[in-house]
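Written out below as structure tokens is the structure these notes cover.
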Amino acid sequence: MTTLASLLGNRKPKTALILGSSLGPVAEAVADPLVIPYGNIPGFPVSKVSGHAGKLVVGKLGGVEVAVLQGRSHPYESGNAAAMRPAIEMLKTAGIETLILTNAAGSLDVKMRAGSIMLITDHINVSGMNPLIGQQGDENFVPMTDAYDPSLRQRFIAAAGQTQVPLYQGVYVWFSGPSFETPAEIRMAQILGGNAVGMSTVPECILARRFGLRVAGLSVITNLGAGLEGASPSHEETKREGIKAAEDMKKLIANFFAGA
Ligand code: HPA
């Protein structure tokens, strides 16, 4: 059977990066790229959402061999919170130890405007879903303390300092989507202690911790949450603002690896 490891050949990345909505341009920074369409990799999802290409780009970022997943499957596409499980398990089997998750998100703080980047310190799951529901075995009682690895966070803070990319830090709240939140839900997320809202990342973080991967998460803020200053977010806005912030994300991530 074809495995990801066999497709990688002599390339042995230890870190994978999942790119969120419209952050595809980050993959352009990969030197000496080996491009594998998801359709060729068993278990990898073929997404139909615009702004999400489905290819794995393997090569060097900041001099370090990485595997960049351009595109993800969201639980709202299928109702399956474990949609990314086969891909994450395959990454683990192929030797990946660290998973960096990126996403587009709405801000819960009017000071953190569109175009900002937020390092995820923790998350809140209000979706009612969990990718491990239905699984048998004690290994599914996954501890979620320090799920977003403190030492990886420190490295991102250092990289942000070097690149002069302003880096916010905060708690990401997962709503299932695909409808955007109501203004009342946004107020709830603020009261709960969230700093940003989005429709991805949390199930991937849970799955990655389940498979023993270290996790870091970064949000690109594409809009204020619904109702804040009259905001009414849309998918078009998410894509447009995501593309604008991709350059800063590219710099930050390349510097993260260069400082490794
Ligand atoms: N809500 C949920 N997901 C998002 C948003 C938002 O406001 N912006 C980008 N992704």
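Would the range 124-260 count as rounded, prolate or oblate if I go by the C-alpha gyration tensor, calling it rounded below 1.5 in a/c and otherwise prolate when a/b exceeds b/c, oblate otherwise? The shape class here is oblate.
Rounded to two decimals, what ratio of Rg to Rh does the chain give with C-alpha atoms and a Kirkwood Rh?
On the way: Rg = 17.0 Å, Rh = 18.2 Å.
In the chain, Rg relative to Rh is 0.94.
Give me the distance in nm between label points sitting 7 Å out from Cα along the Cα-to-Cβ direction at Val46 and Ala184, one decimal. The modelled label-to-label distance comes out at 4.1 nm. DSSP finds beta bridges in the chain, and of those with both partners inside it, around 35 percent are antiparallel. Of interest is the spacing of the C-alpha centroids, which for the range 95-148 and the range 229-257 amounts to 18 Å. Using Cα-Cα distances under 8 Å and only pairs 6 or more residues apart, what relative contact order does the chain have, in percent? It comes to 27 percent, rounded to a whole number. Only lysines eight or more places from Lys12 in sequence, or on another chain, were considered; those with a Cα closer than 17 Å are Lys60, Lys92.
Treating r as the C-beta distance of Val110 and Ile133 and R0 as 35 Å, the FRET efficiency rounds to 0.50. In square nanometres and to one decimal, what's the mean projected area of the convex hull around the Cα atoms of the range 1-143? Result: a mean projected hull area of 10.3 nm². When the Cα gyration tensor is reduced to axis lengths a ≥ b ≥ c, the ratio a/c is 1.5 or higher for the range 42-120, and with a/b not above b/c it is classed as oblate. Ligands, DNA and RNA left out, the accessible area of the chain computed with a 1.4 Å probe is 52% carbon and sulfur.
Given their separation in residues at 0.36 nm each and the Cα-Cα distance between them, Ser232 and Phe141 gain 29.0 nm when the chain is fully extended. Only helices enter this figure: runs of n ≥ 4 DSSP H residues, each worth -39500 (n - 2.57), summed and divided by the residues of the chain, yield -8500 deg cm²/dmol at 222 nm to the nearest 500. When only the Cβ of Lys, Arg, Asp and Glu is charged (+1, +1, -1, -1), the dipole of the range 199-257 relative to its Cα centre reaches about 380 debye.
Magnitude of the Cβ-charge dipole of the range 108-198, K/R +1 and D/E -1, about the Cα centre, nearest 20 debye?
On the way: 5 positive and 8 negative charges, 91 e Å.
Magnitude of the dipole: close to 440 debye.
Annotation: the antiparallel percentage among DSSP beta bridges lying fully within the range 26-102 is about 100.
Would you mind calculating the relative contact order of the range 148-260 from Cα pairs under 8 angstrom and at least 6 residues apart, reporting the percent as a whole number?
35 percent
Across the options Val202, Gly230, Leu7, the greatest Cα extent toward the positive end of the charge dipole of the chain (unit charges at beta carbon of Lys, Arg, Asp, Glu) belongs to Leu7.
Using only the Cα atoms of the range 105-174, build the gyration tensor, take square roots of its eigenvalues as a ≥ b ≥ c, and label the shape rounded, prolate or oblate: rounded if a/c is under 1.5, else prolate if a/b is larger than b/c, else oblate. Spell out each step's value before the answer.
Details: a/c = 3.89, a/b = 1.70, b/c = 2.29.
Because a/c hits 1.5 or more and a/b fails to exceed b/c, the range 105-174 counts as oblate.
The values are calculated or read from the model by the stated rules, or taken from the named source; none is laboratory data. Keep in mind that this is a model prediction, so the values were computed, not measured. Glycine also receives a Cβ, built like all others from the backbone with ideal geometry; neighbour counts cover every protein chain displayed. For the accessible areas, the whole protein counts, side chains as well, though only heavy atoms, and no ligand, DNA or RNA atoms are used. Shrake-Rupley method; radii C 1.70, N 1.55, O 1.52, S 1.80 Å.
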